[in-house]
Amino acid sequence: KGLARENEFNELMEQAQLTYQQAIGADEATARDLLKQTEALLAEAEAIKPGEATIGQLRGSIAEQQDIIDKVERLYWVGELRSYDDPGTQLRRVVVNGLNVYVLDSGNDQVYRHQLDAANDALEPDENDPVLVRRAQQVDTAVVGEMIDLVWMSAGGNRQTSDLLILESGGLLEYNPSWGLVSVPIADKEVWSLPTAVASYFGNFYILDPQAGQIFRYLPSAEDYSIPVENYFPDDVAVDLTGAVDMAIDGFIYVLYADGAIRKFEGGVPVEFEVTEMDKPLNRATAIYTAPDDEAQFIYVADAGNKRVVQLNKDGRFVRQFKPRDEESVDFNTLRSIFVDELGGKLYLLNDNALYVANITPIE
């Protein structure tokens, strides 16, 4: 009986090896099916010899082949830049400009400011309080309210300077490293219902307000955003923003929904956009990032449900996905925000209550 079980084990392993070899080089659909068959054979073999080393080795090979098929790039290093331990912390957004890093903690309604080292792989030690602004702080004549979102605004249009803009429930704050934090007039705050995200493009400031069913667009004056607000969506275009969680702009506006849907708009009008060629649908998507073509050639989505960051072409075609190696201590199941420096090959992300950086290879 023991000899028969040994022969059965050997036959299962031989068949598993053969099926695995057939998967290599097969077309994508066939390869996926063959790898599933290989895993099923290994499960049978494992029932005969639990803990057998050759089973684990072949499983490792299956995982590597699965990564190739799924276009997974394993991040060989994911460095923790900082953890945030204050009770109630709920990280919302990371924005990087040069060596400056800004992190919004919407749980405690405060914004952190950090400085990267020259290699962009670590933060310089804090010289002063790292909190740039917090709720109930007085800035000029304004008392800061609930923190909603923040974005780096480059000069453009009538806007002469590049600064960090912070939307809080009572209005707008502006920070420039050269002259500090000020309160900035912004028009028509009474039209806001429940803003959730902000974005910038060529000096224009955009507010995503799903409850109002609108994206509000503010054009800059020379010093502020006191010009009356514009509705991005025309009155004759009905857009359902229920479940919208984030947006990004490169000239087009991309709106991300919690269920993983992405909608693309031009001039307030929907345009065709479909995510294709991805191994599995987005699940519990939390953030989207892109920028004008001279800064970003791709779209990136934080897909917490699948523990990955997805990279797409701007027409929606899947390019690849980033996941940490199994050896890394971080798990992308609580992704909250991403920022990508394509030129520098850096991916910055908020996962759970920590800020991380990873190196990504360019697309050749």
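The values are calculated or read from the model by the stated rules, or taken from the named source; none is laboratory data. None of these values were measured; they are calculated from a predicted model. Every residue, glycine among them, receives a Cβ derived from its backbone with ideal geometry; neighbour counts consider all protein chains shown. Note: accessible area is taken over every heavy atom of the protein model, side chains too, but ligands, DNA and RNA are not part of it. Shrake-Rupley method; radii C 1.70, N 1.55, O 1.52, S 1.80 Å.
Figures for the structure shown
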{"quantity": "Percent accessible area from carbon and sulfur atoms, segment 204-268, protein chains only, probe 1.4 Å", "calculated": "46 percent"}
{"quantity": "Cubic angstrom per residue, convex hull over Cα atoms of segment 31-121", "calculated": "188 Å³"}
{"quantity": "Solution diffusion estimate, µm²/s, Stokes-Einstein, segment 64-173, Kirkwood Rh from C-alpha pairs, 4 °C, viscosity 1.567 mPa s", "calculated": "80 µm²/s"}
{"quantity": "Charge dipole (debye, nearest 20) of the chain; +1 at Cβ of Lys and Arg, -1 at Cβ of Asp and Glu", "calculated": "380 debye"}
{"quantity": "Given charges at Cβ of Lys, Arg, Asp, Glu: the chain dipole, positive-most of 185, 110, 151", "calculated": "110"}
{"quantity": "Mean Kyte hydropathy of -0.5 or more with a Cα span along the axis of at least 18 Å, helices from DSSP in the chain", "calculated": "28-48, 53-70"}
{"quantity": "Partner aspartates and glutamates for residue 1 [C-alpha distance under 18 Å; skip if fewer than 8 residues away on the same chain]", "calculated": "11, 44, 46"}
{"quantity": "Considering only the chain, percent of DSSP beta bridges that pair antiparallel, nearest 5", "calculated": "95 percent"}
{"quantity": "Alpha-carbon centroid distance for the pair segment 303-336 / segment 1-57, whole angstrom", "calculated": "29 Å"}
{"quantity": "Nitroxide proxy distance, nm - points 7 Å out along Cα→Cβ at residue 317 and residue 222", "calculated": "4.8 nm"}
{"quantity": "Segment 284-364, relative contact order [Cα under 8 Å, separation at least 6], %", "calculated": "23 percent"}
{"quantity": "(1) 22, 40, 29, 9, 0; (2) 22, 45, 28, 5, 0; (3) 27, 50, 18, 5, 0, with the label sought being that of the calculated P(r) over Cα pairs in 20 Å bins from 0, in percent", "calculated": "(3)"}
{"quantity": "The chain - accessible surface per residue (Å², probe 1.4 Å)", "calculated": "46 Å²"}
